[in-house]
Amino acid sequence: MNDSHAAPAAPAPEPDPAPDPAAAEPAPEPAEPVAPLHGVRVLDLATLFAGPLSATLLGDFGAEVIKVEHPHRPDPSRGHGPAKNGVGLWWKLLGRNKRTITLDLSTPGGRDVLLRLAADADVIVENFRPGTLEKWDLGWEQLSAVNPRLVLARVTGFGQVGPYARRAGFGTLAEAMSGFAAVTGEADGPPTLPPFGLADSVAALSTAYAVMTALHGRARTGRGQVVDMAIIEPMLTVLGPQPLWYDQLGYVQPRTGNRSTNNAPRNTYRTRDGRWLAVSTSAQSIAERVMRLVGRPELVDEPWFGTGAGRARHADELDAAVGDWIAERDSAEVIAAFERAEAAVAPINDVRDVLEDEQYRALGSITEVEDEELGTIRMQNVLFRLSETPGAIRWAGRPHGADTEAVLAELGIGAEELRTLRENGAL
C-alpha cells in the first residue's frame, strides 16, 4: 500500500489539566449528629420523681418531651428542696429538655386536647393511682384507639393489680417493702432509709429501659403496649440474690453496716488528716494486695483468707489491720499507695468534693447549663456517653406552663379555641 494515500493521523489528545485547588468546591461542613431519640414524642403526665425522671432520661437523648401539669397544682418537685429567688432547683434538673404546658385532664376540654396530643405521640408516662385515667375516660382503650402505636408507661408504687394497687405509693415504701431498709444500717441499729430518692431513681431507670424495649417491639409489630412499672419491683433486682438465698438455704441477710457478708476488708476508714476513705476487696487478688500493702502479708496465708466468706468472718482483724495503717497516713498518701499497689480505694466525697473531683471533671459528669431564670447553673450531665449520637441538655426546667400556647398552636388550636379552653378551666 502506498503510504501517500493513507489518512493523516489524528493529533494525540492533550493531557487533562491538573485540577486547580483554588477552584475546587469547598468541603461540606460535617453534619450535626442527630440525637438517637430524635423524632420520639413523649407526653409526661407524671409528678414527683420516678415517672418524670424516666421522661427526663429520654429527653436527654433527643426525645421531644412535653410536660403536662395541672393549671393550679404543678408538679410538686417544683417546690421540693431548696429554692433560689423563688425558683425550685430540683425542678431545674428534673424538668430539663421538657416543654411545659398546663392541662386539666379531668375536664372535657383537657381530655380532648390530650387525645389530640396522644394521636401524634409515641410515649405517655403517667403515675396516677390505678383507675384515675379510666375515670377521666382516658384509659388504654381510649388512648390506643386514637393511636395504636402508642406506648403507655404506668409508674405506680404497687403496680396496676393486686391488693395494694390503689394505695398511695412512694419510693420510701419501696425501700421498706423490698428488703433494702432491713439490710441497711448497723447490726445493732434500726433499719435505715436512704436520704434521697433511691427507689424512685432505680424505677426511673427501669422505666426508661422498659419504654425503649416497648418501642423496639413496636418496630416489629407495629403496635404499642402498656408498661406496668411498680416502684417496689426494681429494688428487688438491685438487692441481688437475696430471694434465691432464702429459697434455697433459708438464709436472711443481716444488717452489717459498711461491712459485707461476702468479703472483707470492706469498710470506711479515717485518715490522719480526717478524711474518710472506702476500701473494697471483692476480688481475692485485691484483698491480697491490700494486706501486703498494710504490712500484714502473713494473713494472706491463713486458710480462711482464701474465700470472701472466710475473710468476712475475720472482719474485725482485717479492719484493724487496714484501719490502723490508714489512720497513720494522710489521705493523699493512702490513695497514692493503693494506686501503686493496684488496690481499690476511693474518697468519701460530699457534693463539694464531687464538683472538684478530677475524674468527674474528665468525664464531664457535671456540666454548665444556661438558664433563663437563674443564669449559669451546674447539674449532672446526661447519664452516659455515645460516640456517634451523644445526648445533650438543651435547657433546664422551664416555668410552669411556659409552652402551652406554642404546643397547642401546633395542634391547630387558635386564639379563639385557646380562650374557650381557658374559660372552661382546661388550661
Please give the number of the condition Leu418 fails out of (1) open to solvent by less than 40 Å² (accessible area, probe 1.4 Å); (2) part of a helix (DSSP H, G or I); (3) under 19 Å from Glu64 (Cα atoms).
(3)
I'd like the full set of residues that are in contact (Cβ under 8 Å) with a residue 12 or more places away in the chain and closer than 14 Å to Ile377 by Cβ, limited to the stretch 75-87.
Lys84, Asn85, Val87
What is the one condition in (1) open to solvent by less than 70 Å² (accessible area, probe 1.4 Å); (2) under 20 Å from Ala46 (Cα atoms); (3) touching a residue at least 40 places away in the same chain (Cβ under 8 Å); (4) over 18 Å from the mean Cα position of the chain (by Cα) that Asp228 does not satisfy?
(1)
So, first residue outside any helix (DSSP H, G or I) in the stretch 292-307, second residue at pLDDT 95 or above, Cβ within less than 6 Å, six or more apart or across chains; the pairs are Val294/Ala321; Val294/Val322; Val294/Trp325; Arg296/Ala321
Quick test of your reading of the structure: Phe338 fulfils all but one of (1) open to solvent by 60 Å² or more (accessible area, probe 1.4 Å); (2) over 30 Å from Ala121 (Cα atoms); (3) among the aromatic types (Phe, Trp, Tyr). Name the failing condition by number.
(1)
Of the residues in the stretch 371-393 that are open to solvent by 40 Å² or more (accessible area, probe 1.4 Å) and touching a strand residue (DSSP E or B) at 6+ places or on another chain (Cβ under 6 Å), the one that is farthest from Pro33 (Cα to Cα) is Glu373
Given Arg167, Arg154, which one is basic (Lys, Arg) and either modelled with pLDDT under 95 or part of a loop (DSSP other than H, G, I, E, B) (or both)?
Arg167
If Glu126 satisfies all but one of (1) of a type in the set (D, E, K, R); (2) at pLDDT below 95; (3) open to solvent by less than 60 Å² (accessible area, probe 1.4 Å), what's the number of the condition it fails?
(2)
Tell me the residue from Asp319, Asp324 that is open to solvent by 30 Å² or more (accessible area, probe 1.4 Å), more than 28 Å from Leu205 (Cα to Cα), in a helix (DSSP H, G or I) and not aromatic (Phe, Trp, Tyr), please.
Asp324
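The values are calculated or read from the model by the stated rules, or taken from the named source; none is laboratory data. Note that the coordinates shown come from a computational prediction; the quantities given were computed from them, not determined experimentally. Neighbour counts are summed over all protein chains in view; Cβ atoms, including those assigned to glycine, are modelled from backbone coordinates with ideal geometry. The accessibility values were calculated without ligands, DNA or RNA, using every heavy atom of the protein model including side chains. Shrake-Rupley method; radii C 1.70, N 1.55, O 1.52, S 1.80 Å.
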